[in-house]
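Heads up, the thing below is written out as structure tokens.
The values are calculated or read from the model by the stated rules, or taken from the named source; none is laboratory data. Predicted, not measured: the structure shown is a model, and the values here were computed from it. Cβ placement follows ideal geometry from the backbone for every residue including glycine, while neighbour counts extend to all protein chains displayed. Please note that ligands, DNA and RNA were not included when accessible areas were found on the heavy atoms of the full protein model with its side chains. Shrake-Rupley method; radii C 1.70, N 1.55, O 1.52, S 1.80 Å.
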Amino acid sequence: MKSIPMTTEELLLEAERGAILLTVNMRLERHLRQLFDQRMILAEKAVWQPPSILSLENWLRREFSANADGWNFLERFSARHQWETLVEEDCERFQTGLLQISATAKLAIEAHQLLADYQLDDGGEALTADQEAFQRWRTAYVEWCQAGMWMDRAALPGHLARKAQQGLVSADNHILLVGFDDISPQLLALFTHISEFFQVPVHCVAKRGVDAALDVRFALDIRQEVRAAARWARDLLAAGEGGIGVVVPDVERYRRLIEREFRAEIDPESLMCPDREETGFNLSLGSKMQEEGLVFAALKILELRTPIAMEDISFLLRTPYLMGSQKEAYPRGLFEQFLCSRRAPSFSLNRLEGLCRRGNPDPCALMADVWLTLQSWKGRQGKHLPGDWANAFSELLKSVGWPGERELDSREYQVYKAWREKVLPQLAALDAFSPPVDFPHALAILRKIVSETLFQPEGSESPVQIMGVLESAGMDFNHLWVMGLGEESLPAPPRPNPFLPVTLQRELNMPHASAERELVFAERVRDRLFAAAPQIVLSYPLWDGDCPLRPSPLLKGMPITACDPRDGLDPVTQFRKTMPQLQNLQNATGPSLEDGMISRGGTSLLKDQALCPFRAFARHRLGVKSYAPAVPGVDASSKGTLIHDVLE
């Protein structure tokens, strides 16, 4: 396949002429569609034909839908669930214990994908027990797919390649592959068949940009590096610049720090107003669904066991995602204090309902209804299909008032929508091949789906885009910062798949098979990034904790300077800079003691005075107290009181 250099403007012109643009990911698809629409608006066109710009994944699914021939597409989670089932059954049959079934299945799926990408029926002769086990798993998986007419993502290009030889794949114009750093032999064969049958050219587009001005910087650690990038983006925004990109090879490791530091620099007011959503930057990785408050509360409700621990009761009394959370906010706070004063580690649902209805100290009728609903739910027994459990979970959450009585903000509504349209449908999709399961098993599957589902809130195109190396493929920026360029990030260390012979992986030059292959790939990524913007900053940290780091070999020979050490705009820094001179006032006078008043506390008064005079003053003069933690059995204080009463 021929590779041709093109600018983004030339690429959009080809799309206007009717070319089919297939992008490496959906992010690039959205980006090119937005640029195309802007191009039409600037040309003052009232209407225009939608361009044929699709991500490769969407295009493959579209063509499969037209050429399914009775086959059903197997979604990623469903395929992984079947792999885990087959691995677990094989381990039980051969009595080979595995501690991490899920991680093993993930590596097996990767090996299965590699064999399909390189058009291999098997991995050759098994050299280890792991490779022999993988061959058994894969044979069972392929037989299961054939028997059930299931088509997974690995086999999809091969299926369409056979259809392309019959002229059944649509290709009415030339095809341009955009943003691909690497193309597998399986995809190459597919597009070769399309090109030969339809007599249309298929080209891989290499980004052609201007010569970039490079600025290489070092930081003491990761935190200083992220802060410097955030201040750099802040200064560009203040100057009215847009199209700012930040690329991070290890974006998962940097994610939390990036969210905190960029929010502090670009939108410091949002730190003081947690409900604000617009922050001026967009992080492509998103967050896991289980980290969202709405989903966390849903899982907490579903997994409750009676008796309920006091910390779980406190969570349910405080969460805004239940019925009556606004109307009964104050009574529920008093009720929580009352329960804490009982110093019990847990309570039964029946006991909680009775206490709420009797009003200790104030009645919480709506919360009592929640306890009653949960009590009736705990009586559900038996085995049901995953789809039935999905409906049951939805009905339970609705009956307790989830997602709450207050109006959801934009992010919460999108999480709620993703729960209904992504999470629960994946659980229901297992009905086609999963036997009936009990409640704990269904809840475990739901938790796994939530932990593997990423949530990326929708919104307007932000002026600062933060993404990983793969997500940045094909993107254009006015200014670009590439951070985290240590020696172990780019190029990445080789990690050949343990279920395939290493010699085979190196012979076919499979991804991650060798250091040489990773270096070639890293150089390809470097050339692509250096053509993505006219102004590029490259950075790396000197230290990771106590471990010294060296720069990537791709930065060899470039002049290096230190990162900008200026102060940030976060509220804490600004407060310290503008903090007025504090006065030191000493007030040795406490509340007056009434005549005849006896100070209580016994030896604890002397103990507190010896350890901390202020603690003694707060406890014994101001009356400050905290609830003692619940302990099993009779606590020490109650024992002491009982002994005093008996002796008296």
Cβ pairs under 6 Å, 6+ apart, first in the range 544-566 and under 16 Å from Leu220 (Cα atoms), second open to solvent by less than 80 Å² (accessible area, probe 1.4 Å) and assigned to a strand (DSSP E or B): Leu549/Gly486; Leu549/Pro541; Pro551/Tyr540; Ile560/Val216; Ile560/Phe218; Thr561/Arg217; Cys563/Arg217; Cys563/Ala219
Please specify each residue of the range 403-419 satisfying the condition of being open to solvent by 20 Å² or more (accessible area, probe 1.4 Å) and in a helix (DSSP H, G or I). Ser410, Arg411, Glu412, Tyr413, Gln414, Tyr416, Lys417
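Restricting the range 524-572 to residues that are assigned to a helix (DSSP H, G or I), at pLDDT 85 or above and in contact with a helix residue (DSSP H, G or I) (Cβ under 7 Å, 6 or more places away or on another chain), which is least open to solvent (accessible area, probe 1.4 Å)?
Leu554
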Does Ser472 satisfy being polar (S, T, N, Q), assigned to a loop (DSSP other than H, G, I, E, B) and open to solvent by less than 10 Å² (accessible area, probe 1.4 Å)? yes
Which listed residue is basic (Lys, Arg), open to solvent by 40 Å² or more (accessible area, probe 1.4 Å) and over 21 Å from Gln186 (Cβ atoms), from Arg76, Arg30, Arg61: Arg30
Those residues of the range 102-130 which are part of a helix (DSSP H, G or I) and open to solvent by less than 40 Å² (accessible area, probe 1.4 Å) amount to Ser102, Thr104, Ala105, Ala108, Ala111, His112, Leu114, Leu115, Ala116, Asp117
Of Leu299, Leu334, the only residue that is in contact (Cβ under 8 Å) with a residue 24 or more places away in the chain, within 30 Å of Asn25 (Cβ to Cβ), of a type in the set (A, V, I, L, M, F, W, C) and surrounded by fewer than 20 Cβ atoms within 10 Å (Cβ to Cβ) is Leu299
Looking at the range 73-85, is at least one residue of a type outside the set (S, T, N, Q), closer than 23 Å to Ile194 by Cα and either out of contact with any His (no Cβ under 6 Å at 6 or more places or on another chain) or part of a helix (DSSP H, G or I) (or both)? yes
Is one or more of the residues making up the range 420-428 assigned to a helix (DSSP H, G or I) and more than 30 Å from His31 (Cα to Cα)? yes
Within the range 475-502, take every residue that is of a type in the set (S, T, N, Q) and under 30 Å from Phe218 (Cα atoms) and give me the one that is least open to solvent (accessible area, probe 1.4 Å). Ser489
Which pairs have Cβ atoms under 8 Å, sit 6 or more apart or on different chains, and link a residue in the range 573-595 that is closer than 21 Å to Phe617 by Cβ and open to solvent by less than 100 Å² (accessible area, probe 1.4 Å) to one that is in a loop (DSSP other than H, G, I, E, B) and not hydrophobic (A, V, I, L, M, F, W, C)? Gly590/Arg621; Pro591/Arg621
Counted residues, the range 370-395 - those being open to solvent by less than 60 Å² (accessible area, probe 1.4 Å) and not in a loop (DSSP other than H, G, I, E, B): 12
Given the criteria on the phi > 0 side of the Ramachandran plot and out of contact with any strand residue (DSSP E or B) (no Cβ under 7 Å at 6 or more places or on another chain), does Glu9 qualify? no
Do you know which residues across the range 237-264 are out of contact with any helix residue (DSSP H, G or I) (no Cβ under 9 Å at 6 or more places or on another chain), farther than 14 Å from Ile466 by Cβ and assigned to a helix (DSSP H, G or I)? Ala238
Just one of Trp71, Trp137 is in contact with a helix residue (DSSP H, G or I) (Cβ under 9 Å, 6 or more places away or on another chain), open to solvent by 40 Å² or more (accessible area, probe 1.4 Å) and modelled with pLDDT of 90 or more; which is it? Trp71
Take the range 337-369 and flag every residue that is among the polar types (S, T, N, Q), within 36 Å of the chain's Cα centre (by Cα) and either surrounded by fewer than 16 Cβ atoms within 10 Å (Cβ to Cβ) or farther than 27 Å from Ser638 by Cα (or both). Gln337, Ser348
Going by what's in this entry, would Arg93 be described as within 29 Å of the chain's Cα centre (by Cα) and of a type in the set (Lys, Arg)? no
Is at least one residue of the range 455-469 of a type in the set (A, V, I, L, M, F, W, C) and either more than 30 Å from Gly242 (Cβ to Cβ) or modelled with pLDDT of 90 or more (or both)? no
Members of the range 503-523 that are over 24 Å from Leu120 (Cβ atoms) and open to solvent by 20 Å² or more (accessible area, probe 1.4 Å): Leu519, Glu523
Could you tell me whether Ile183 is open to solvent by 40 Å² or more (accessible area, probe 1.4 Å), closer than 16 Å to Ile4 by Cα and of a type in the set (Val, Ile, Thr)? yes
Taking the range 469-525 and keeping only residues that are of a type in the set (A, V, I, L, M, F, W, C), farther than 27 Å from His31 by Cα and under 24 Å from the mean Cα position of the chain (by Cα), one is left with Ala492
So if I check each of Leu22, Leu11, Leu32, which one is outside any helix (DSSP H, G or I), under 16 Å from Lys207 (Cβ atoms) and at pLDDT 90 or above? Leu22
